[in-house]
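Heads up, the thing below is written out as structure tokens.
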Amino acid sequence: MLYDRSMADPDQAGDALRRLVDLASHSAGLALALMNDASVTLPQVLLMSRVDQFGSASLSDLAEGLSASTAALSQMIERLVRQGLLHRAEDVTDRRRKAIGLTPRARALLRNLEAARSRDYDVGLAVVAHELRAQLATVLEQVVAEIERAHAGDWRRGALATKEIAR
């Protein structure tokens, strides 16, 4: 019996997305080649992305929610500092803490990786009919917007909770 994927179960969206990414990602190998050229690993890229999200962060900020130990994270940060991708500075609000930030080189690398990943996906999706790719892009933009709104709501709730605690 053939499975009718036109009426997919919404509870299987995660599996469908995983299968799509498996089929379409790294098709051209552009992102992997860029990482190789920059001598960075995926965990290092993920750490730099986290620093980028924070703007500037302490070691404890970065360690929160990660499975890596602070010792391992500290070593990774040190390697990225030596590579000229991260920098440490005195935290302006607490001189005892070190603020970790991205260098312009790291920002450029992250933007180039984003572009390379997009091109990799474009190559992987090239076998899909133009109209279906357009529909996919529309649905993905709607999903991204909804997730961004939800995350913005989470941030606002967190900010409100922080204000309440401060009172």
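Consider the stretch 47-78 and keep the residues that are charged (D, E, K, R) and either surrounded by 15 or more Cβ atoms within 10 Å (Cβ to Cβ) or not assigned by TED's automatic domain parsing to the domain that holds ARG97 (or both). The one that is nearest to ASP94 (Cα to Cα) is ASP61. Of the residues examined, LEU62 is one that is free of Cβ contacts under 8 Å to residues at least 40 places away in the same chain, on the phi < 0 side of the Ramachandran plot and among the hydrophobic types (A, V, I, L, M, F, W, C). Here VAL81 fulfils each of the conditions (1) surrounded by 15 or more Cβ atoms within 10 Å (Cβ to Cβ); (2) of a type in the set (Val, Ile, Thr); (3) in contact with a Lys or Arg (Cβ under 7 Å, 6 or more places away or on another chain) apart from (1). Take the stretch 115-140 and flag every residue that is among the charged types (D, E, K, R) and surrounded by fewer than 12 Cβ atoms within 10 Å (Cβ to Cβ). GLU131 - this is the single residue of the stretch 115-140 that is among the charged types (D, E, K, R) and surrounded by fewer than 12 Cβ atoms within 10 Å (Cβ to Cβ). Would you be able to say whether some residue in the stretch 66-79 is touching a Ser or Thr at 6+ places or on another chain (Cβ under 7 Å) and touching a residue at least 12 places away in the same chain (Cβ under 8 Å)? Within the stretch 66-79 (the criterion being touching a Ser or Thr at 6+ places or on another chain (Cβ under 7 Å) and touching a residue at least 12 places away in the same chain (Cβ under 8 Å)), the answer is no, since none of the residues qualifies. At least 3 residues being at pLDDT 90 or above is the threshold, and among the helices (runs of 4 or more DSSP H) wholly inside the stretch 1-107 those reaching it are 13-24, 30-38, 42-54, 70-82.
The values are calculated or read from the model by the stated rules, or taken from the named source; none is laboratory data. Source: prediction; values computed, not measured. Quick reminder, even Gly has a Cβ in these numbers, built from the backbone with ideal geometry, and neighbours come from all protein chains shown.
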